[in-house]
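Here the structure comes first, spelled out in C-alpha cells, and everything after it is commentary.
The values are calculated or read from the model by the stated rules, or taken from the named source; none is laboratory data. As the structure is a prediction and not an experimental result, all values here were calculated from the model. Here the Cβ positions follow ideal geometry from the backbone for every residue, glycine too, while neighbour counts run over all protein chains shown. Ligands, DNA and RNA are excluded from the accessible area calculation, which covers all protein heavy atoms including side chains. Shrake-Rupley method; radii C 1.70, N 1.55, O 1.52, S 1.80 Å.
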Amino acid sequence: MNTIISAVPTRATTGANNNSICQPQRGKRRAASQFNDDGVMLNPDESLTYHLPKGKSFVEINCARTGNEWIAEYCFRMHCGEFPCAALPLSTSSNGFPTRSGAIYSAAQRLLLDLESKCGEAASLLKTQQDEFNQLAFWVKTLIGAYRVMQPVKGPLEGKKFIDLFAGIGGFHEALKQQGATCVAAVELDKAARTTYLENHGHGDMRMYEDIRDVNPDDLPEFDIITGGFPCQSFSSAGDRLGYKDPKKGALFFEIKRLAQARKPSLMILENVEGFATHEGGKTAETAMGELAKIGYSVSMKILCASEFGVPQQRKRIFIVAVRLDCFHAQERPFAFPAGTTPETVVADILEQNVTTGIWDRPMHPDSNIRTDKTGLIPLGRIDGKNYQNYRVYSAEAQGPTLCTSHSGRYLVGDKIRTLTPRECARMQGFPSGIRPGFHDCTAPD
C-alpha cells in the first residue's frame with residue numbers, strides 16, 4: 001500500500017532529503033552570534049564521532065541548537081584508496097528541525113548516502129578499503145537505527161481524507177489509516193458488516209451510509225481519496241457472471257464513477273476478483289478503464305496476490321488505481337504497482353494457542369500427491385472424501401485458501417482438523433491485533 005498511495009499529490013517539502021520522517025523547518029531567524037561572517041558555525045554544541053581503531057579514517061556528525069530549532073551536518077574521511085572525504089559545516093543554510101534527534105537522524109541519512117556514493121561499490125574495493133568502509137557505514141547505520149525510533153511517525157497520507165465505499169469491515173480503512181489518512185465517510189449495505197465497521201472505525205465526525213445509490217455527492221464532506229471493493233459476484237467464476245447487467249451488484253461500479261465525476265478526488269483505489277480481468281473476454285475491465293479515463297483519470301490495473309505482501313492467504317485480486325490527470329508531473333508515467341515478494345508467512349504463524357472450537361472429527365482421506373515446499377497451498381486430504389472447498393484440509397505450514405463468507409478453510413493443526421477462529425481470520429487478512437472481528441466462525445461443512 002505504501003507504493004499505491006504515494007500517487008497522492010502532497011505539498012512539496014524543502015531540504016536535501018524529502019523522504020526524511022521528521023521534515024525540516026526553514027526560514028526561521030537564527031542568532032547571528034552563533035555564526036561567523038561567512039554564515040558558518042565554528043563551535044557546535046555536540047559532536048558524534050567514530051574513528052577507526054587503526055588509521056585516520058572517521059565519520060562525524062555535528063549538531064547545535066539555534067533558537068527553537070536544531071541543525072546537524074556531517075563530515076567524513078577514508079584514509080585509503082582514493083581518499084574519499086566530505087565536509088559539510090553547520091551554517092545558516094542548514095535545515096532546521098524541531099528536535100535534536102530529528103536533526104541528527106537527517107544528517108546520518110545524508111551521511112550514509114554520501115559515503116556510499118563517494119566510495120562506490122564496496123565490493124570493488126581492496127580488502128583494506130572494504131574493511132574501512134564497512135566499519136564506517138556500520139556505525140552510521142547503527143546511529144540511524146537508534147535515532148529512527150525517536151522520530152514522530154507520519155504516514156505519506158498524513159492530512160489526507162478518504163471515503164470508504166463498499167466498506168465491509170474495514171480492510172481499506174485500516175490500510176489507509178496506517179498511512180496517516182482519515183476516513184470521513186463510509187458506505188456499507190450489509191448490516192452486520194456495518195456494525196462491525198462502526199465498532200472498530202467509527203468516530204464522531206465520520207458519516208455512515210447504507211446504500212451507495214442513495215448517496216448525494218453534494219452531501220459528502222471534503223475528501224481526497226476514494227477506496228472501494230465493489231461487489232464481485234457478477235464477475236466471479238463462482239457467481240452468476242452477469243457483469244454490469246446486474247443492477248444490484250455489477251452495475252454499482254458506475255456509482256463509483258458518479259461520485260468521482262461529481263467530486264473529482266485525486267486518487268481512487270478499487271478492488272475486485274481476479275475474474276474481473278477476463279470477464280466477457282476482457283471487455284469488462286476495458287470498460288472500467290475507459291469510463292474512469294473519460295472523467296479525467298490515468299488508470300492502472302493489475303492482479304496481485306495477498307500472500308506476496310505479508311499474509312498467508314492465497315488471495316488473488318485485481319486492483320485499479322486511478323490518479324487524476326492534473327496530479328501528474330510533466331513526463332510522469334501512470335502508476336506502477338509494487339512488486340510482491342516470495343511468500344514467507346504461513347498459516348501456522350497466525351494461529352492462536354489451545355483452540356478448542358471448530359474442531360472436526362470426521363475421517364480425512366489423504367491426498368496422494370503432497371508437496372513439501374511452503375509456497376502456495378498444500379492440500380493434505382478431504383473430509384469424507386468430498387472434493388469441495390469446505391471439505392478440503394490444508395497444511396498449516398503453507399498458505400491458506402481465500403477466506404469466504406461461508407468458510408475459513410480447514411487445516412491440520414497438530415493432530416486435529418479445525419477451522420480458523422474469528423481472531424485468526426482477522427490475522428489472515430492483515431488486521432492488527434486490536435481489531436474486533438465481529439464475524440462468526442464456520443465450524444462444520446455445509
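Would you tally the residues in segment 46-84 being hydrophobic (A, V, I, L, M, F, W, C), under 25 Å from LEU126 (Cα atoms) and surrounded by 15 or more Cβ atoms within 10 Å (Cβ to Cβ)?
Adding up the residues that qualify gives 7.
Hey, does segment 288-305 have a residue that's under 20 Å from ASP224 (Cα atoms), open to solvent by 70 Å² or more (accessible area, probe 1.4 Å), outside any strand (DSSP E or B) and at pLDDT 95 or above? Yes, there is a match, as at least one residue in segment 288-305 is under 20 Å from ASP224 (Cα atoms), open to solvent by 70 Å² or more (accessible area, probe 1.4 Å), outside any strand (DSSP E or B) and at pLDDT 95 or above. As a summary of the residue check, PHE276 satisfies the conditions (1) assigned to a loop (DSSP other than H, G, I, E, B); (2) open to solvent by less than 60 Å² (accessible area, probe 1.4 Å) except for the one numbered (1).
On the stretch given as segment 189-223, residues that are β-branched (Val, Ile, Thr) and either closer than 20 Å to PRO265 by Cα or exposed (fewer than 12 other Cβ atoms within 10 Å of the Cβ) (or both) total 2.
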